[in-house]
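What follows is a short report on a single structure.
What follows is calculated from the coordinates using simple rules that are stated; it is not laboratory data. Just so you know, these numbers come straight off a predicted model, no measurement behind them. Note: ideal-geometry Cβ built from the backbone for every residue, glycine included; neighbour counts use all protein chains shown.
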Amino acid sequence: AQHCGNGVRCAASSVLRRHRQSSNEKLEGVEFQVEGRPMSAQFFLASDGHQYPLVSVEMGACAVGAEVSFHGAVEAELKKAESELNIKGLTADWEAAEIGNPHIVIATPDASTELIRKVGPFLQKSEAWDGMNIHLVREKEITDDDKRRSGNEIGHSISELYEVFVWERGAGETMACGSGACAVAKKTFATGFVGQDEWVAIDMPGGRLYVSENATTGSMILAGPARFAFEGTVEV
């Protein structure tokens, strides 16, 4: 995986849960060492006082365009996919991104589960990379409910809202991808039409994520829910 924002958020939520079991002191965040580098996570306490707040994590900088080593090979692979899969529009609006792992973001009004199941596996085969995270994106209208929701969950309004379908390298079709959400948002920030410190909402099959970019450090900020599922013990 190389880089897993959702995994770090789940780990932070687990730390928060155990902290609450043993202490009444407020815990605002936690820092992890991930493959030798620090990753900081913070907790957004929803305005309704929900027991499990959203968790944000600093994901580091996201490279796009010519900064990405495989950028030059992407268009050729997309053209090949269009031809061999008989799909139109893959080369119209795309971006390559790298945030500890590689991503291709393809904006298309035809984004769907059916399309990602065709395009995702096909783009794993290139000699230019060792597997690739693929994201099909389509823009969604921001409703009043979306505005209220973002205000409640992260205390900020959102500037853009996208629906995204995910194919992760080594895993296949998945419900969500934290680093992928950052790649989608970075494509938007790179246009200059949305400010870095603004928030972009990403709807994936598993739920909604929020992404911003620190204008000073360039680090992507990923925020989303992380809830307790189960616990147990493993004998080794």
Note, Thr91: beta-carbon cut-off 11 Å, +1 each Lys/Arg, -1 each Asp/Glu, net -1
Amide H to amide H under 5 Å from Val55: which residues, 5+ apart in sequence or cross-chain, H placed 1.01 Å off N in plane? Phe44, Gly224, Ala226
Of Ala190, Gly155, Tyr210, which is farthest along the charge dipole of region 107-236 in the positive direction, counting Lys and Arg as +1 and Asp and Glu as -1 at C-beta? Ala190
For the chain, with only Lys/Arg (+1) and Asp/Glu (-1) charged at the beta-carbon, what is the dipole magnitude about the Cα centre, in debye rounded to 20? 420 debye
Of Lys26/Lys186; Lys147/Lys186; Lys80/Lys118; Lys118/Lys186; Lys26/Lys147, which pairs sit farther than 23 Å apart, going by alpha carbon to alpha carbon? Lys26/Lys186; Lys118/Lys186; Lys26/Lys147
If I fit a long axis through the Cα atoms of helix 113-122 and take the longest principal axis of the Cα atoms of the chain, what angle between them do I get, 0 to 90°, rounded to 10? 70 degrees
Taking the Cα atoms only, what angle lies between the long axis of helix 178-191 and the longest principal axis of the chain, rounded to 10 degrees? 60 degrees
Please work out the C-alpha center-to-center distance from region 67-94 to region 168-215 and express it in whole Å. 20 Å
Let's test this: bin the Cα-Cα distances of the chain at 10 Å from zero up to the farthest pair and state each bin's percent. 7, 32, 35, 19, 6, 1, 0
As a check on your grasp of the helix formula, calculate [θ] at 222 nm for the chain: sum -39500 (n - 2.57) over DSSP H runs of n ≥ 4, divide by the residue count, round to the nearest 500. -9000 deg cm²/dmol
